[in-house]
Amino acid sequence: MSNSLVQVFNAQSVAVVGASSNSEKTGHTVLKNIVDGGFEGDIYPINPKADTILDLKCYQSLKDIPGAVDLVVIIVPAALVPQVMEEAGAKGAKGAVIISGGFRETGNEELEAEVVKITKQYQIRTIGPNCQGFNYTPNKLCASWPLIKGEGPVAIISQSGTVGATLEMWAESESIGISGFVSLGNKSDVSEIDLIEFFAADPNTKVVSLYIEGVKDGTAFKETVKKAGDTPIVILKPGRTKKGRKAAESHTKSIAGSDQIFDAVCKQLGIIRANDITELYDYSKSLGFLKKPRGRSMLVITSSGGSGIIATDVAEANGINVVDLNEELKKELVDVLPDHCVVANPLDLTGDATAERYKTTVEIAAKDDSIDFFLVIFGDPIPRAFDIVQELKQQTRKEIVVCYLGGGETEKEEVQKMHQHGIPAFPTPERAVKAVKALLNTKG
Amino acid sequence: MNELIARAKAEKRVLLEPEAMQLLAEYELPVPTHSLVTSKEQAVVAAEKTGYPVVLKIVSKDILHKSDVGGVKIGLNSKEAVEKAYEEIMENVREKAKGAVIGGMLVVAHAPQGIECIVGMTKDPQFGPAFLFGLGGIFVELLNDVSFRVLPLTKEDAEDIIKETKGYSLLKGTRGQSPKDVEALVGLILKLARLVEENPEIEEIDINPLLVYEKGILAVDARVIL
């Protein structure tokens, strides 16, 4: 059943019902994003009052479209949605995205039930209603907003359009990209369960990130996550406090449930739980790009003493071992490093550190079996940081986690290059360390 | 369906304490020696057979919190003490739980001091049976130091639910204290999981206190709600 989501996300033709020429309207934004996103299939705006919108020929209704329509995006008043869905069914649409609100979330249960009935009758996989659409970058199909084009390994599933859009925008501005974004809305048909299943099997996705306020079906949720196998899943589920839970329940009419029990479920299923949007983003980034170290012993190499200490504290509090250096390794490093370097863990290469000095250090330390991975902190404007990290990543199997801060314009350039080449860089030591913790807590 | 559960269900009531203990025992959870009696004379006979000191507890489907109505007497060291306690409990219950149907009284062997823990199961509307573990007293009451796991429960889950609590350091043995029988505790949680899986009619279980010793454990008090 859910396999048909493959056809929905890979639609070759899209109709936008309620397309508008008014640039302030959602019906315009969505159509424009599909066009500007570079969608290569057929695009059909439906608007009985316009001849063309964005230079595309408009149609009176779905019936009038000459060819097939795989996906129907609906942005019309709620009362008109059932009729549009009927037409979509008659047209043989495989999927629908109902952006319109005014259903269960406003007490209009009957109208939603009517839509669900049509959905089932024609077997149309339906996202929403009351949602922000979806974006699937491998198909250049952004039936959503904002327009995000960069392809990457992270799939975002969100019960809040804004939380999802925020993650998309961070991913876009850091050039790490996304594979997809789906706004869940009222989950009248497609729920997080179908989407976990789809993205876990999607070759373009390496990590599935969710913002959810409640789980619709606990048993199905557990089974789907188990079947997702090695694809890591990160979840931000608020409602940890009594009032937070109440707010979640009134937002999307979700049953927030006991937070302690949800936490237990996550632990048992190997789901990584994020506490806030930043963690959700960082964990997705590390799980999407880094390989899991074989153990928890970390060597911190830094040009900033303070950052090294912060990293050490956060590591120790999170069960990551900042190992004492072997005497042999220490001796070898003392021999090659300038006298003012502090050869310990954290290893302080000090403020005049060059990319070369980092490289030498990692090359020597990589031979030491007591170290599982490196946290490399560039704490000053250090050019060529990207070059040496890329080289080192090819030389050693030990994972290198990068933190870059305090580096001004050089930092911006180097970090961008890293991100464009699939090397994640974190902006603070604590975020870098927590991102590795998430990686270490994944199953497998 | 388990016979005890079927009977209680037919009578629309929770399991009485002796029934709860029997159910636990059927699944090899260790419970103290106990006998159900319906007279003062029987109570004395049972106490002498069990060996002093003993505990006397009221058995009634209408009384959920026995201590609140003066339905429990502990540390009874002699025939006289048992007789006196029996009378006092009957009087207390008549006064504080008017109209309660009395099923008799339970004579329970005194349990030596151990580390008090709580093990329970509640049904989560989304994820089904969820198990709780915590150390008794302030750990649960003041610090909310409890941990949860849901079915199906692996051995690793049963270990983690214990190790995750802060109170675990007490079980591990700190400040010269000897380590306690965590392995038996893990075993009990797994047996309880089996009990819950095989008896879906059970809505809630509360084993409180569960005493943990250097060697062995004892489910001193158990409540089973259908």
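Readers should treat all values here as calculations from the given coordinates under stated rules, not as data from a laboratory. Worth saying up front: this structure is predicted, and the values here are computed from it rather than measured. We place every Cβ from the backbone using ideal geometry, glycine too, and count neighbours over all the protein chains shown.
Summary table
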| item | result |
| --- | --- |
| Cα-based equivalent ellipsoid, the stretch B:33-109: semi-axes from gyration tensor eigenvalues, Å | 20, 11, 10 |
| Among A:ASP263, A:ASP313, A:ASP335: highest mean-square fluctuation, GNM of chain A, C-alpha pairs under 10 Å | A:ASP335 |
| Cα-based radius of gyration of the stretch A:148-289 once divided by 2.2 N^0.38 Å, which approximates compact folds | 0.96 |
| Between the stretch A:120-153 and the stretch A:70-108, the alpha-carbon center distance in angstrom | 14 |
| Per residue convex hull volume, Cα atoms of the stretch A:291-440, in Å³ | 91 |
| Restraint check, A:LYS57/A:LYS94; A:LYS246/B:LYS98; A:LYS32/A:LYS243; A:LYS267/A:LYS359, Cα-Cα greater than 32 Å | A:LYS246/B:LYS98; A:LYS32/A:LYS243; A:LYS267/A:LYS359 |
| Under Karplus coefficients 6.51, -1.76 and 1.60, residue-wise ³J(HN,Hα) of the stretch A:131-145 in Hz, glycine/proline x | 9, 10, x, 9, 9, 10, 5, x, 9, 6, 10, 9, 8, 6, 8 |
| Mean residue ellipticity (222 nm) of the protein assembly as shown, computed from DSSP H runs ≥ 4 via -39,500 (n - 2.57), nearest 500 | -12000 deg cm²/dmol |
| For the stretch A:193-209, Karplus couplings with θ = phi - 60° (6.51, -1.76, 1.60), whole Hz, Gly/Pro x | 5, 4, 6, 4, 4, 5, 6, 5, 8, 6, x, 8, 10, 10, 9, 10, 10 |
| The stretch A:72-227: Cα Rg divided by the 2.2 N^0.38 Å rule of thumb | 1.02 |
| Exposed GluC sites (Glu not before Pro) absent - longest run of chain A, DSSP non-H/G/I/E/B, at most 14 other C-beta within 10 Å | A:41-444 |
| Cβ-based net charge around B:GLY173, under 10 Å, with every Lys or Arg adding one and every Asp or Glu removing one | +2 |
| Loop sites in the stretch B:86-118: trypsin sites (Lys or Arg not before Pro), DSSP, at most 14 other Cβ within 10 Å | B:LYS98 |
| Average Cα contact separation per residue, the stretch A:336-434, under 8 Å, 6 or more apart, as relative contact order % | 24 |
| Residue order, fewest to most surrounding Cβ atoms within 10 angstrom, among A:VAL265, B:VAL69, B:VAL182 | B:VAL182, B:VAL69, A:VAL265 |
| Gaussian network model of chain A, Cα within-10 Å springs - most flexible of A:LYS359, A:LYS206, A:LYS237 | A:LYS359 |
| Cα centroid separation - the stretch A:372-429 against the stretch A:170-190, whole Å | 26 |
| Share of alpha-carbon pairs per 10 Å distance bin for chain B, given as whole % | 8, 31, 34, 22, 5, 0 |
| Equivalent ellipsoid dimensions for the stretch B:115-225 as semi-axes, Å, which come from the Cα gyration tensor, largest first | 23, 14, 13 |
| Neighbour-count ranking [beta-carbon atoms within 10 angstrom, fewest first] of A:SER100, A:SER4 | A:SER4, A:SER100 |
| The stretch A:226-364 - convex hull of alpha carbons, volume per residue in Å³ | 155 |
| Cα-based reach from A:LYS434 at 14 Å (exclusive), listing aspartates and glutamates while leaving out same-chain residues under 8 positions away | A:ASP276, A:GLU279, A:ASP282, A:ASP313, A:GLU316 |
| Along principal axes, Cα extents of the stretch A:316-379, largest first, whole Å | 31, 27, 17 |
| Sequence of A:SER173, A:SER303 once ranked by neighbouring C-beta atoms within 10 Å, starting from the fewest | A:SER173, A:SER303 |
| Within a Gaussian network of chain A (alpha carbon springs, distance under 10 Å), most fluctuating of A:ALA96, A:ALA68, A:ALA200 | A:ALA68 |
| Percent breakdown of C-alpha pair distances by 20 Å bin, ordered from the shortest bin, for chain A | 25, 47, 23, 4 |
| Computed over the stretch A:1-130, Kirkwood Rh from alpha-carbon pairs, angstrom | 14.6 |
